[in-house]
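The values are calculated or read from the model by the stated rules, or taken from the named source; none is laboratory data. Model, not experiment: these values are computed from the prediction. When we count neighbours, we look across all protein chains shown, and the Cβ atoms used for this are built from the backbone with ideal geometry, even at glycine. With ligands, DNA and RNA removed, areas are computed over all heavy atoms of the protein, side chains included. Shrake-Rupley method; radii C 1.70, N 1.55, O 1.52, S 1.80 Å.
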Amino acid sequence: MKGAVESLDLGGPLPQSDPPPSEPRDIGSASAGRARPSAPAPQPVRIPATERLVGWLTLRASRIQAWHRWPFLIAVPMVVGHRTLMRVRNLTDTQTVPPPAPDPAGLDVRAARTADGSFNDLAKPWMGMAGARFGRNMPLDQTFGEAPPTLFEPSPRLISNRLLARGAFQEVPYLNVLAAAWIQFMVHDWLSHESGDKTAAPHEIPLPPGDDWPEGRMTVLPTKPDRRSAADRGRPEAYANVETSWWDGSQIYGSSLERQRAVRTDPETGRFLTDGTLGLTREGLLPLAHRTARGKPDENLELAGVNGNWWIGLSVLHTLFAREHNAIVDHLRAAYPDGSGEWLFQKARLVNAALTAKIHTVEWTPALMNSPEGRMVMRGNFWGLLGEQYRRAFGRVGTGEILSGIPGSPAEHHAAPYAMTEEFAAVYRMHSLMPDAFSFRRHADDVELLRRDLAKVAGGQAREVHDRVAFDDVVYSLATAKPGALVLHNYPNGLRRLDRLDASGVYFDMAAIDILRDRERGVPRYCAFRRHIDAHVPRTFAELTDDPVWQAQLHEVYGGDIEKVDLLIGTLAESRSARYGSPPGFGFSDTAFRIFILMASRRLKSDRFYTEDFRPEIYTPAGFAWVQDNSLRTVLERHCPALHSAFADARNVFFPWRKGEAGTGAPSNPREAPFVGGSR
Amino acid sequence: MNKTLSLAWTRAQALSRRWDFQRLFLLVLTLDALCGAAALAEPASTASLLGLEAGSATGWIQALGGLLLLAAGLQLPGLSDPVGRRWGNLAGLLGRLVLCVLCLFLGGGFALLALVQGGLSLALAVLYFQLFRAELMSCP
Ligand code: HEM
């Protein structure tokens, strides 16, 4: 890389309006008295000189005001500058002892993705594989998990009741519920922690006086930490990601060969599908698994690579992309009739995963960052400043990511081996996107067919919806409904008292769990978090949010101590801060955005199949063209052609679709709905 | 539905911004071409208009006229496809800026040229930026 340097000094951290805590973490006694972890030797970071300069200028400009308050021509380079800074400072390796990468068993690892994500980086085959650890976006000494009493201060349940519980539903007027489903679909591709540790004493979350929580106590199993070794001495707990960290469609295909075989099984015959397709029923629906991938029984639960925390939105997307896989297989088979079923499967997987990555980058994210700056940044990530048209006509110009985008540029992990991070999982806790009620309506005339609350469209009950409402009508209903806004007082109450899937009558409060998990896993609280990402750190509640009612509520719940505000609460509160908070047109906070811009680029930039091996020789020319030619719009056109008129005028298919007009359509029946999604 | 979410509406906005830009750009390129042609055909009168001594400057004036004509011709693809050929247009805008500064330094009759060029370049840049934003906001 031209103009590269070994290390980057960009002038130290942004001076803060208030002094950083004197201890490594003054929240969380767990950190107190611990040895400072021995820092792993940092990986040399190669940054081109121009980007270094932009980083340096960004640091100066952000002292004056946040990037989104500058005009377009300054704001966009500042986002690039923030990313450069974070690539140097906000990537921390936690993998003291790399897990052994299994034998790829004859798979050509250069040309296909392994089931468990190993051998993506050929020099470090364990990188990003299922079972490798979550990394960090914070310095290691800031990531010791909190322990009682601070773990429960203030009580996560109090926060759930006072700051999160949904009153009147606050919707996002410019998004549809497919957007909420999409991001969970993606999260399931990238990450999941292990199930709670049944051998450890459960956390007992204090209930505020007068709380009507069933059984009078709230217990939550601790997250199971990864096994420690001598090399972990003095270091905080680390946690394993049980999914592959790569953007490889593992939510569809699973993160193990065993799971991959399951989704490649014909539900009618129970036999392995040797033609490279995924199993679908005759109606084009997912097969039934009746249990989660972790073995929890759930009657009628559908089968997918990841089928935990299932609901009708996930069911729709998994069904669409299983059909898409099969359509890709058909297309490749027509182009390469000599290809074996296994070869077709592997190529179709590469293509399908790349298509989801493209949709996420240039459709989903710009829908949530609905401003010229947001759109420019995300399209720039994929096609560069030269744009899509240029890229398609003339190919890449040089190896840099600014002019021609990340796909096809050289792979680079920057300061740490590639891994999902705890902080990334934390900022993606976007449960407020979920509505509490769902109305299923006929696309032809918008007549309501079925109304259900959240619990009744979750788990195995999602399939009941399919049994009663045609697939197209389900898609139409989600695409015309609005998700919840990421603001305080908008956490779905259906998730605040959720029946545990495996033991009926035992409940959990996801809102309280969201707060608890971040503290337990050592994700810094809001102010400390912002301090480490070069963002303004609020000194008062008035600086955190412009809403005076919220200021008073936050002040009361956190006892007047702004440093105690949890990350999730801060990100929701900043939705109403014009100066330091969510950028105009954005559906999420600036705090989350900083982590997204780092990690969204990294998911592409670290992955060999989006960088050096993002080429027709690996994807096949027909497969490569499929990625370039398709989008979520074309996926919907292919698999739900009858809905075309509903989304034809939606600029982005994650925006609300046009509603059907009364009296215009014939009744639709699920049994009559034709399946047009390619071969099974 | 909020009209900024509509594909038809945002595309219509982008199209109308495109026409605004193309109209002005066409005018500017025509002016450039006319000036270039005049400099080629009538170097002596052009020189006197710019307050230069006709004898010594005619060669330069003709060269400048030729360059102006060439530059106008090179910008034609950017006129027909302003977004797809954005790099040519951005280079053209930058070139105009440089020319404008140069003319200001030369002073005399060139100062008037600098003012006209400067004003037109600014108007072009504003319209181009508006077109760029509108195009961006008509994408998914
Ligand atoms: C019906 C819908 C949903 C249900 C039932 C659900 C349920 C859950 C559960 C049970 C957990 C694990 C809690 C624990 O740590 O003990 C979780 C974690 C999480 N959820 Fe959801 N969720 C839903 C929708 C969503 C959506 C729309 C998003 C949007 C991004 C989301 C993002 C996450 C994230 C990032 C985590 C943390 C994962 C990890 O750290 O392993 N969820 N959810």
> With every protein chain left in place, what is the accessible area of A:I618 in Å² (1.4 Å probe, nearest 10)?
Replying inline: 10
> Between the helical axis of B:54-74 and the dominant principal axis of chain B, each derived from Cα atoms, what acute angle in degrees is found, rounded to the nearest 10?
Replying inline: 20
> How many lysine pairs are close in chain A, with Cα atoms under 19 Å apart and the two 8 or more places apart or on different chains?
Replying inline: 10
> Under the classification rounded if a/c is under 1.5, otherwise prolate if a/b is larger than b/c and oblate if not, where does segment A:525-590 fall, given a ≥ b ≥ c as square roots of the Cα gyration tensor eigenvalues?
Replying inline: oblate
>> Which residue, A:H290, A:G494, B:S6, has the largest displacement toward the positive end of the dipole of the protein assembly as shown when charges sit on each Cβ (Lys, Arg +1; Asp, Glu -1)?
In response: B:S6
> To the nearest 500 deg cm²/dmol, what mean residue ellipticity at 222 nm is calculated for the protein assembly as shown from DSSP H runs of n ≥ 4 alone, each contributing -39,500 (n - 2.57), summed and divided by the residues?
Replying inline: -13500 deg cm²/dmol
> Taking a ≥ b ≥ c as the square roots of the eigenvalues of the Cα gyration tensor of segment B:3-133, is the shape rounded (a/c under 1.5), prolate (a/b larger than b/c) or oblate?
Replying inline: prolate
> Can you list the residues, at least 5 places off or on another chain, whose amide H is less than 5 Å from the amide H of A:L450, using H built in the peptide plane?
Replying inline: A:F440
> Residue by residue through segment B:84-101, which ³J(HN,Hα) values in whole Hz follow from phi under the Karplus form 6.51 cos²θ - 1.76 cosθ + 1.60 (θ = phi - 60°), with glycine and proline marked x?
Replying inline: x, 9, 4, 6, x, 5, 5, 5, x, 5, 5, x, 5, 4, 4, 4, 4, 5
> Got a sec to turn the phi values of segment A:328-343 into Karplus ³J(HN,Hα) couplings, 6.51 cos²θ - 1.76 cosθ + 1.60 with θ = phi - 60°, whole Hz, x for Gly and Pro?
Replying inline: 5, 4, 4, 5, 5, 5, 5, 7, 10, x, 7, x, 6, x, 5, 4
> FRET efficiency for B:L31 and A:R392, Cβ-Cβ distance as r, R0 = 30 Å, nearest 0.05?
Replying inline: 0.30
> To the nearest 20 debye, what charge dipole does segment B:3-133 have about its Cα centre, counting +1 at the Cβ of each Lys and Arg and -1 at the Cβ of each Asp and Glu?
Replying inline: 820
> How high is the relative contact order of segment B:3-133, in percent, counting Cα pairs under 8 Å that sit 6 or more residues apart?
Replying inline: 26
> According to the square roots a ≥ b ≥ c of the eigenvalues of the Cα gyration tensor, what is the shape class of chain A, taking rounded for a/c under 1.5, prolate for a/b larger than b/c otherwise, and oblate for the remainder?
Replying inline: rounded
> By how many nm would the segment from A:K296 to A:T199 grow when fully extended, if each residue of separation counts as 0.36 nm and the alpha-carbon distance is taken off?
Replying inline: 33.1 nm
> In debye, nearest 20: dipole of segment A:514-622 around its Cα centre with unit charges on the Cβ of K, R (+) and D, E (-)?
Replying inline: 260
>> Please compute the Kirkwood hydrodynamic radius of segment A:425-501 from all pairs of different C-alpha atoms, in Å with one decimal.
In response: 13.5
> What list of ³J(HN,Hα) values in whole Hz, one per residue of segment A:117-129 in order, does the Karplus curve 6.51 cos²θ - 1.76 cosθ + 1.60 (θ = phi - 60°) give from phi, with Gly and Pro shown as x?
Replying inline: x, 6, 6, 6, 8, 6, 7, 10, x, 6, 4, x, 7
> For peptide A:635-645, how many partner chain Cβ atoms fall within 10 Å of a residue's Cβ, on average?
Replying inline: 0
> What residues have an amide H closer than 5 Å to that of A:G135, excluding those fewer than 5 places away on the same chain, when H is modeled at 1.01 Å from N in the peptide plane?
Replying inline: A:M420, A:T421, A:E422
>> Compute, for segment B:4-72, the length of the dipole vector about the Cα centre, with Cβ point charges of +1 (Lys, Arg) and -1 (Asp, Glu) only. Units Debye, rounded to 20.
In response: 500
> Between B:A63 and A:S340, what is the FRET efficiency for a Förster distance of 51 Å, r being their Cβ-Cβ separation, to the nearest 0.05?
Replying inline: 0.15
> Given H placed on each backbone N at 1.01 Å, which residues far from A:L273 in sequence or on other chains put an amide H within less than 5 Å of it?
Replying inline: A:T265, A:D266
> Working out 0.36 nm times the residue gap between A:E171 and A:R497, then minus their Cα-Cα distance, what length gain in nm do you get to one decimal?
Replying inline: 115.3 nm
> For chain A, what's the relative contact order in percent, using C-alpha pairs closer than 8 Å and at least 6 residues apart?
Replying inline: 20
>> Please report the antiparallel percentage of the DSSP beta bridges confined to the protein assembly as shown, to the nearest 5.
In response: 90
> Projected onto the charge dipole of the protein assembly as shown (+1 at Lys/Arg Cβ, -1 at Asp/Glu Cβ, origin at the Cα centre), which of A:F438, A:H331, B:L52 gives the Cα projection farthest towards the positive end?
Replying inline: B:L52
> Once both labels are modelled 7 Å past Cα along the beta-carbon direction, what's the A:R233-B:E53 spacing in nm?
Replying inline: 9.0
> Which whole-number percent is the relative contact order of segment A:103-236 (Cα, under 8 Å, 6+ apart)?
Replying inline: 21
> Applying 1/(1 + (r/R0)^6) with R0 = 41 Å to the Cβ-Cβ distance of A:T269 and A:L122, what FRET efficiency is obtained, to the nearest 0.05?
Replying inline: 0.60
